[in-house]
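Here is the structure we will look at, set down as structure tokens.
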Amino acid sequence: NRHDSRLGHVAIAPDGLTAMTVSEDHRTILWDLEGGHALADWKSGGEYGCDRVFHGPAGWRKIALKGRVLLLWNERGELLREFPIPPTSLRSPLAVTPDGRMCLFPGSTNEKGTCLFAMDLLTGQIPKEFSCRQLSCLAVSPDGRRAYSGERLDTATIGVWDLERGAVLMLNADAPAA
């Protein structure tokens, strides 16, 4: 088994025994890292290569954006949930907290403009929204307490977000947020 298009994302299980990869054509492969062979291989996904894979307490999962819906699959390629979401760019970055509970993605609302949304993957609710600009990348700290973002603009601005308190900690590399 192998991917026929460019890899978009890879994740490794905490025990280091398996990895999951997803390519731009939405093919997803679960790998046995000791034996070097595929344990599962399936194709479905979102749009424009924004699929992400992660390992949480419930095992392997894949998320993707498709239109105004966030899709969630298990390691066998079975669609588990479809969550409606606010408008977002099709190439929006996605990040998932290490516990697999929250998915972060940028989008927009009529009232607040561009926001970073934190969606609960169990309920589909969005308990937290952070004002932001156009983001090119997102990451979550290993303890799941902070998110880090990079902007698409030429400002080289990064953001640091406190996910527990819902606060912006820093809006660029050399100046704390007010």
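What follows is calculated from the coordinates using simple rules that are stated; it is not laboratory data. Please read these numbers as outputs of a predicted model, since none were measured by experiment. Cβ atoms come from the backbone with ideal geometry, glycine included; neighbour counts cover every protein chain shown.
For Leu169, the amide hydrogen comes within under 5 Å of the amide hydrogens of Val160, Trp161, Asp162, counting only partners 5 or more places away or on other chains and with H modelled in the peptide plane. Of Gly100, Leu71, Leu33, whose Cα points farthest to the positive end of the dipole of the range 1-100 (charges on the beta-carbon: +1 Lys, Arg; -1 Asp, Glu; origin at the Cα centre)? So the residue furthest toward the plus end is Leu71.
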